[in-house]
Amino acid sequence: MYKIEAYLRPSALEEVQKGLGDLGIAGMSVTEIRGFGRQRGHREVYRGAEYRIDFVPKIKIEVIVKESDRDPAVDAIVQAAKTGKVGDGKVFVLPVGEAVRIRTGETGDAAL
Amino acid sequence: MSKLRSNFAIWTLLVLIFGGAAQVVGQEIKSMEAFHSATIAYPKFMVDNLWILIATALVFIMHLGFATLETGLTRQKNTVNILFKNLFIISTGLITYALTGFNTMYPGDFNGFLAIGGPLASPALDDVATMTSAYADYTYWSDFIFQAMFAATAATIVSGAVAERVKLNGFMIYATILVAFFYPIAGSWKWGGGWLDQMGFHDFAGSSIVHAFGGFSALAAVLFLGPRLGKYTPTGEIRPVLGHSMPMATIGVFLLWLGWFGFNGGSVLSADPGQVSLVFVTTTLAAAAGCLAAIFTSSFYLKKPDITMALNGILAGLVGITAGADSVTWIGAIAIGAIAGIVVVFAIVFIDHAKIDDPVGAVSVHGICGIWGTVAVGLFSTNPAHSLGIQVFGTLTYALFAFIASSILVLIIKYTIGIRVGAEEEDEGLDLGEHGQPAYADFQHINN
């Protein structure tokens, strides 16, 4: 089992959800976050005083998938979220030790 | 049949009532004088008086405008506090004006400088001296309530400038004394027939008496209060503190613009058709010119069309035209408004760079543009009796008096009960610190 964490543009959410849904992946979580990567933030002016917006609005999605779904899921996210411009985001993949489905007590891949 | 009969009865009645008026209307009007002499005194008085009362209600709604403008240009965590101050100011302003302010500002015969007045009189409704045109083009009650609505405006101007760090009880004492004594004393010099009036100083609806007075009171208060925490860093950087609701601020400015039809239009002090309509035109063209000028200035000078500057530009135009709304041409009004709209953008940036923290731009909008508007009467007035020198002298007198009076008041409060909240409370927000209630329970941004 793997956890896929993707930091994305807020506008990418719908396409990413659709891409993962087409693979039959059931369940994902989304968080509204603020942050910056290599692009850093940008400068703005309010009433004549300059300020930096270092933390720009992003979303973070988290999906747990079984091993065979890992690469197709990552591909689906990258394909759906890519605009080719600075600020598209990043995808991280982490191993997951165990999963338990609370209602039934199932564990491992069956719990997903 | 019965419908026909009742129609006939109504027509008979109308002919009987308006028979006299119909004769007048039927005459050919050959001159303005003939038209005026043909007008019946009582209906004219009713219309004049009604217009002053409508104007009063329009000035009242300006207080909602100030409340939402100040709310929009500050942070979420101080919203309840700002709304609370605005509610308090209008209420304390009206009560103190009844108790002393009205008679201090309009003392009748006095030495021209100072006469602390007693409470409002209570004339009977059939009192000829106060309820008919023997008094003015309006009744005693209309006179009081229109002027009372103006009075609280001066203190409201200060409220925005000191927002987000002023201690509530200290501010309530400050606002009450300002509106109960200092504003009416200063107002009596011109509108009460005092020494500036006798010099020929002209301030139609209060560019100096209300706005420069409020703006320079605010400047003194802000200087002794100090900037908001984090506004200016120890290394000399200027950090903007972003207002939390542009819709709120915009609603406020539209309400103020609407209210200004009463503020200036009512200051004609009658429903004189020519004058009131001229004042409507000059007032609103100045506001529009101020908006456009501020948009262009901020677009070029600050690189972006900043909506807060456009909003301040509208107010700058309105404050600017207030002194001469009755005595300039429509082209003059556009010039006054446009210059005010340019001046206000530079003034806001200059004051910020001088490390004077005024969250809503009250000193620039009301103080600087109040002076500009009063001086502009000397430049653009179509009345040759208005003199540039006296206009400059008069407006500087108001600015200086307001600055000194406000300084003394703030310093006394600062060293007795305190004028500023603690750093911890400022950080947490005055809504929780002073009132124990957030403005947007469960929806509030963590850092705002």
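Every number here is computed from the coordinates shown, using simple stated rules; none is lab data. Keep in mind the model is a prediction, meaning the values are calculated, not measured. Positions of Cβ are backbone-derived with ideal geometry, glycine not excepted, and every protein chain shown enters the neighbour counts.
For each of B:52, A:4, count neighbouring Cβ atoms within 10 Å of the residue's Cβ, then give the residues from fewest to most.
Details: B:52 26, A:4 22.
Listing B:52, A:4 from fewest to most nearby Cβ atoms yields A:4, B:52.
Using the Cα gyration tensor of chain A, with a ≥ b ≥ c the square roots of its eigenvalues, what is the shape: rounded (a/c below 1.5), prolate (a/b larger than b/c) or oblate (neither)?
Details: a/c = 2.93, a/b = 2.23, b/c = 1.32.
Prolate.
Read phi for every residue in the stretch B:54-71 and hand back ³J(HN,Hα) as whole Hz from Karplus 6.51 cos²θ - 1.76 cosθ + 1.60, θ = phi - 60°, with x for Gly and Pro.
In residue order, the calculated couplings are 5, 4, 4, 5, 5, 5, 4, 5, 4, 5, 5, x, 4, 4, 6, 4, 5, 4 Hz.
Of B:211, B:435, how do they rank once you tally other Cβ atoms within 10 Å and put the fewest first? Mind dumping the intermediate values first?
Working: B:211 33, B:435 16.
The order, fewest Cβ neighbours first, is B:435, B:211.
For the protein assembly as shown, give the magnitude of the charge dipole about the Cα centre (Cβ charges: +1 Lys/Arg, -1 Asp/Glu; no others), in debye to the nearest 20. Please list the in-between numbers first.
Numbers: 36 positive and 44 negative charges, 155 e Å.
The calculation lands at about 740 debye.
Please report how far the C-alpha centroid of the stretch A:1-62 lies from that of the stretch B:55-103, rounded to the nearest whole angstrom.
42
Taking a ≥ b ≥ c as the square roots of the eigenvalues of the Cα gyration tensor of the stretch B:28-141, is the shape rounded (a/c under 1.5), prolate (a/b larger than b/c) or oblate?
Numbers: a/c = 2.91, a/b = 1.63, b/c = 1.79.
Since a/c reaches 1.5 but b/c is at least a/b, the shape of the stretch B:28-141 is classed as oblate.
Could you compute the FRET efficiency for residue B:223 and residue A:29, with r as their C-beta to C-beta distance and R0 at 51 Å, rounded to 0.05? The partial results should precede the final answer.
Details: r = 51 Å, r/R0 = 1.01.
The formula returns an efficiency of 0.50 here.
Take every Cα-Cα distance within the stretch B:381-448, group them into 10 Å bins from 0 onward, and report for each bin the whole-number percent of pairs it holds.
Calculated P(r), rounded to whole percents: 16, 23, 19, 19, 15, 8, 0.
Contact order normalised by length for the stretch B:49-435, with contacts defined as Cα pairs under 8 Å and 6 or more residues apart; what percent is it? Please list the in-between numbers first.
Values: 789 pairs, mean separation 99.8, N = 387.
Relative contact order of the stretch B:49-435: 26 percent.
I want to make sure I understand the PRE zone here: with the label point 7 angstrom from the Cα of residue B:114 toward its beta carbon, which residues in the stretch B:169-197 have backbone N atoms less than 20 Å away?
B:174-197
Rounded, prolate or oblate, given the Cα gyration tensor of the protein assembly as shown, with a/c below 1.5 counting as rounded? Working shown, then result.
Numbers: a/c = 2.46, a/b = 1.87, b/c = 1.31.
Prolate shape, in that a/c is at least 1.5 and a/b is the bigger ratio.
Starting with the fewest neighbours, write out B:260, B:330 ranked by other beta-carbon atoms found within 10 Å of each beta-carbon.
On the way: B:260 30, B:330 13.
Ranked by crowding around the Cβ, least crowded first: B:330, B:260.
Placing one identical point scatterer on every Cα of the stretch B:284-386 and ignoring solvent, what is log10 I(q)/I(0) from the Debye formula at q = 0.10, 0.22 Å⁻¹?
For the stretch B:284-386, the Cα-only Debye profile gives -0.24, -0.98.
Please compute the average number of Cβ atoms from other chains found within 10 Å of each residue's Cβ in peptide A:41-53.
Numbers: counts 0, 0, 0, 4, 6, 10, 19, 16, 13, 6, 6, 1, 0.
That works out to 6 on average.
Give me the one-decimal nm value for the distance between modelled label points at residue B:195 and residue B:356, 7 Å along each residue's Cα-to-Cβ direction.
2.5
Across all directions of projection, what mean area in square nanometres is found for the Cα convex hull of the stretch B:49-435? Numbers along the way, then the final one.
On the way: hull surface 72.4 nm².
Quarter of the Cα hull surface area: 18.1 nm².
What distance in nm separates the two pseudo spin-label positions at residue B:272 and residue B:383, each 7 Å out from Cα along the beta-carbon direction?
Result for the modelled spin labels: 0.8 nm.
Using packing as a proxy for protection, rank B:140-146, A:5-11 so that the peptide with the highest average count of other Cβ atoms within 10 Å comes first. Don't skip to the end; give the middle numbers.
Working: B:140-146: 19.9, A:5-11: 17.4.
Packing order, densest peptide first, comes out as B:140-146, A:5-11.
Which one, B:187, B:275, B:210, is farthest towards the positive end of the dipole of the stretch B:49-435 when Lys and Arg carry +1 and Asp and Glu -1 on their Cβ?
Result: B:210.
Set the Förster distance to 41 Å, then compute FRET efficiency between residue A:111 and residue A:14 from the Cβ-Cβ distance, nearest 0.05. Before the final figure, lay out the partial values.
Numbers: r = 27 Å, r/R0 = 0.66.
In this case the efficiency is close to 0.90.
What length, rounded to one decimal in nm, is gained on full extension from residue B:404 through to residue B:330, with 0.36 nm per residue of separation minus their alpha-carbon distance?
Working: separation 74, 0.36 × 74 = 26.64 nm, distance 3.58 nm.
Computed gain between residue B:404 and residue B:330 is 23.1 nm.
Calculated FRET efficiency, residue B:424 and residue B:254, Cβ-Cβ r, R0 45 Å, to nearest 0.05? Don't jump to the answer; show the numbers that get you there.
Numbers: r = 37 Å, r/R0 = 0.82.
Efficiency, from the Cβ-Cβ distance: 0.75.
Would you please give the residues with an amide H less than 5 Å from that of residue A:35, counting only those at least 5 places away or on a separate chain, with H modeled from the backbone geometry?
A:56, A:58
Could you work out which residue, out of B:408, B:371, B:314, moves most in a Gaussian network model of chain B, that is, has the largest mean-square fluctuation with Cα springs under 10 Å?
Per the Cα network of chain B with a 10 Å cutoff, B:408 tops the list.
Per DSSP H run of at least 4 residues, take -39500 (n - 2.57); add these up for chain B, divide by its residues and hand me the 222 nm value, nearest 500 deg cm²/dmol.
Value at 222 nm, helices only: -20500 deg cm²/dmol.
In whole Å, what is the distance between the alpha-carbon centres of the stretch B:155-187 and the stretch B:320-337?
29
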